[in-house]
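The values are calculated or read from the model by the stated rules, or taken from the named source; none is laboratory data. Quick caveat: nothing in here was measured; it's all calculated off a predicted structure. FYI the Cβ positions are ideal-geometry reconstructions off the backbone, even for glycines, and counts take in every protein chain you see. Side chains are part of the model used for accessible areas, which takes the heavy atoms of the whole protein and leaves out ligands, DNA and RNA. Shrake-Rupley method; radii C 1.70, N 1.55, O 1.52, S 1.80 Å.
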Amino acid sequence: MSDPLDRPLPAAGDDSAPPEASRAEPDATPAAASAPPARPVRAIPVSLPMLAGVVALALVAVLAVWVDARRAQQAFRMEVAQRLAGVESSTQAAGKAQTQLATDLRDAQAKITLLEARLAESQTEQAALEALYRDLAPSRDEIALSEIEQVLLVANQQLQLAGNVTSALTALQLADAKLQRLDRPQFVALRRALSRDVDRLKAVPFVDVAGMSLKLDQALGVVDRLPLAMDERLPPPPPAKAAPADDESPWRRFLRELWNDVKQLIRIEVADRPAAPLVPMSQQYYLRENLKLRLLTARIALLARDDASFQADLAASDAWLRQYFDTRARPVQTLQATIRQLAGTLMPGEIPDLTRSLEALRVLRLAQDRGPGRANAAAPAAR
């Protein structure tokens with residue numbers, strides 16, 4: 001805006017002055033006369049360097065403002081970029097999690113569907129089995145006879161294969177107790193056959209096979225430590241005598257030491273048995289292993305109830321002990337006593353079987369399969 005005071009005043013003789021100015025002049029004269037005189041305004045001289053400095057300062061200020069705005073803009077852009085990157089990574093993670101959840105959900109749905117199908121299949125099979133059981137369920141007597149048959153078969157196998165009289169006797173007593181609880185007249189013939197087989201098993205002499213087998217195992221363990229007959233057994237050294245006196249003459253000391261050396265050179269021993277066979281070091285291992293094999297064979301014969309083989313193996317083992325090992329040693333004597341004790345045990349002869357009880361059971365089952373009216377007729381046939 002331009003100041004009114006800066007406008008040029010019209011000249012006195014200028015006719016082109018506006019009439020308003022001519023009219024205002026008489027009015028302004030009294031005011032000017034009454035107002036105090038104005039101070040003259042001095043013009044500040046402006047030089048070119050000052051003007052250039054002001055312009056430079058203005059440019060520096062503008063440049064500083066622009067740089068600051070640029071930095072703020074860059075910082076804002078970086079912050080926005082970081083936030084956008086964080087949002088993008090969060091979005092990707094959320095997408096992956098959503099994908100995994102969708103996959104797990106599909107797997108779970110598939111598993112649930114499979115379980116439902118298997119549950120329906122099992123329910124169907126259970127219903128079919130229940131229906132089949134209702135159609136084919138045997139009676140209480142048939143179940144008892146089936147159990148007794150299994151027990152008798154197992155007991156007969158124990159007798160034939162292992163000669164286990166105790167287990168067979170226990171099985172027969174268990175079968176007889178079950179029949180006694182049922183208390184059926186058609187089971188009398190079967191109980192009579194079981195009673196006869198029980199009496200026959202009780203007449204068999206008892207042999208502690210487990211204990212004898214354990215003794216043979218212990219004998220096998222001491223074979224490697226048995227001393228051989230060829231090993232020299234020196235007598236224990238004589239007790240040390242008192243030290244000679246210091247005043248002993250030199251020739252007496254010489255004679256005494258000479259006599260001691262002569263006694264060590266010659267040893268007299270009474271031989272009450274033939275000379276022991278010399279077994280080389282390379283053959284001693286095979287001698288002990290052959291003795292172990294004899295004892296193992298005796299154990300197998302014991303488990304098989306083969307009395308002839310059992311006695312032969314024990315006799316051969318005892319002969320080898322007397323021939324090749326030192327019978328004066330305590331371990332050898334203990335092993336010989338064990339072998340003699342085992343050889344003196346009488347093995348049972350022929351072990352009875354359970355053929356009569358099994359035959360009576362088969363006759364009873366056959367009579368029940370034909371009809372309940374013929375069960376009593378099967379009793380005389382079982383006798």
Net charge of neighbours whose Cβ lies under 15 Å from the Cβ of D199, counting Lys and Arg as +1 and Asp and Glu as -1: +3
In Å², nearest 10: area of W251 left accessible to a 1.4 Å probe: 150 Å²
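Tell me, in nm to one decimal, what length is gained between A72 and E147 on full extension, where the rule is 0.36 nm per residue of separation less the Cα-Cα distance?
Here the segment from A72 to E147 would lengthen by 17.3 nm.
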Surface accessible to a 1.4 Å probe, Y285 within the full protein complex, Å²: 140 Å²
For the stretch 73-180, Kirkwood radius (reciprocal of mean inverse C-alpha pair distance, Å): 21.5 Å
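Normalised by the residues of the stretch 134-234, what does the relative contact order come to in percent, with Cα pairs under 8 Å and at least six apart?
Once divided by the residue count of the stretch 134-234, the mean separation gives 20 percent.
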Ranking by accessible area, most exposed first, for D369, D197 with a 1.4 Å probe: D369, D197
Anchor K96: lysines whose Cα lies under 23 Å away (excluding residues fewer than 8 positions away in-chain): K111
Charge context of A117, other residues only, Cβ under 13 angstrom, K/R +1, D/E -1: -1
Hz values of 3J(HN,Hα) by residue in the stretch 64-80 - Karplus curve (6.51, -1.76, 1.60), Gly and Pro given as x: 5, 5, 5, 5, 4, 5, 5, 4, 4, 5, 5, 4, 5, 5, 4, 5, 5
Å² of accessible area per residue within the stretch 302-365, as computed with a 1.4 Å probe and no ligands counted: 51 Å²
Under the Karplus curve 6.51 cos²θ - 1.76 cosθ + 1.60, θ = phi - 60°, whole-Hz ³J(HN,Hα) for the stretch 177-183, x wherever Gly or Pro sits: 5, 5, 5, 5, 5, 5, 6
Amide H within-cut-off set for L228, under 5 Å, with H built and near neighbours excluded: D326
Accessible area (Å², 1.4 Å probe, nearest 10) - V363: 40 Å²
Straight-distance crosslink candidates among lysines, where the alpha carbon sits under 16 Å from K263 and sequence neighbours closer than 8 are dropped: K241
